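I am attaching a structure below and will ask some questions about it afterwards.
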Amino acid sequence: MRSPAATAIALRDVTRLCARCRIQASQALPLGRISTRPSHSITASIGSFNKALPPSYRSAAFFSSRSSAASASAPEPDSNNTSSPPKTSQPPPPTHYEIFPETLPLGPPPSGHFPINTRALRREFLQLQARHHPDMHPQGPLKTRAEATSALINEAYKTLANPLLRAQYLLSLRGVDVATDETMQVDDPSLLMVVLEAHEEISDATAEEDLQELRAVNDKRIRESEDVLEKAFHEDDVMAAKKEAVRLRYWVNIKQSLDNWEEGRPVVLQH
């Protein structure tokens, strides 16, 4: 249990974030305007991130050091033995989940869960950003490392807070790129009809009140998709996860249209 003094310090640190980061962190709906193409270039900074984190947060570094120690303690192969030396298992590459050990201690599915407590994730995100924000460090190597760490934290939070980006990210870890694969389209006429009717209803709305029922129905669809993805990733059923990720993309696009609704503004159907 965190002491009141520690909580006060954490809240004080959050207030030191720059205006841009405070706005980004305080966005109420992580399903707002998003890019459906997850970025992985920032993952190269994981080494700097591990060095900057306190010991309790260095899960990836811990596994790496444990593997190195195991390799160092392994016996040298016998020169008279012609058989090949035993292969040492390599630790899995670090993931966005390891950046948030308090919120996601079990890691990604199948060991962890697909649904995420986004409020707890946001709290841990703010704490990490307050600790590693570049403005908290002087010019030089420390500031450069902090910039890389801050960017990595931002990327991981943006990806995990959104169920569509989260599903696409988990599939990318399995070598599947749903975001850019043009063959990953829904060929279910009934589903496409539901999507078209939803966008027509949004276009015909004259007030926010006209969209309340559709908003509730679509939020339920997103929750149901998360449940399907939870089962698919738990069973490591990649095909089922791919199909549901494509369906989820339609529900998220409807949600974006609902969130961005303005009277007289045309609704763009995306799929």
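Over every pair of different alpha-carbon atoms in the range 189-259, take the mean of 1/r and invert it; report that Kirkwood radius in Å. Don't jump to the answer; show the numbers that get you there.
On the way: mean 1/r = 0.0774 Å⁻¹.
Radius from the Kirkwood sum: 12.9 Å.
Related question: In nm, to one decimal, how far is the modelled label at D227 from the one at T144, with both set 7 Å along Cα→Cβ?
5.1 nm
In nm, to one decimal, how far is the modelled label at D219 from the one at S190, with both set 7 Å along Cα→Cβ?
The two pseudo-label positions are separated by 2.6 nm.
Shifting gears a bit: Run the paramagnetic zone check for D259: 7 angstrom along Cα to Cβ, then residues of the range 150-165 with backbone nitrogen under 19 Å.
The answer is 154-165.
Read-outs throughout are calculated quantities, based only on the coordinates presented, and are distinct from any laboratory measurement. This is a predicted model, so every value here is computed, not measured. Here Cβ is always computed from backbone atoms with ideal geometry, including for glycine, and neighbour counts include all displayed protein chains.
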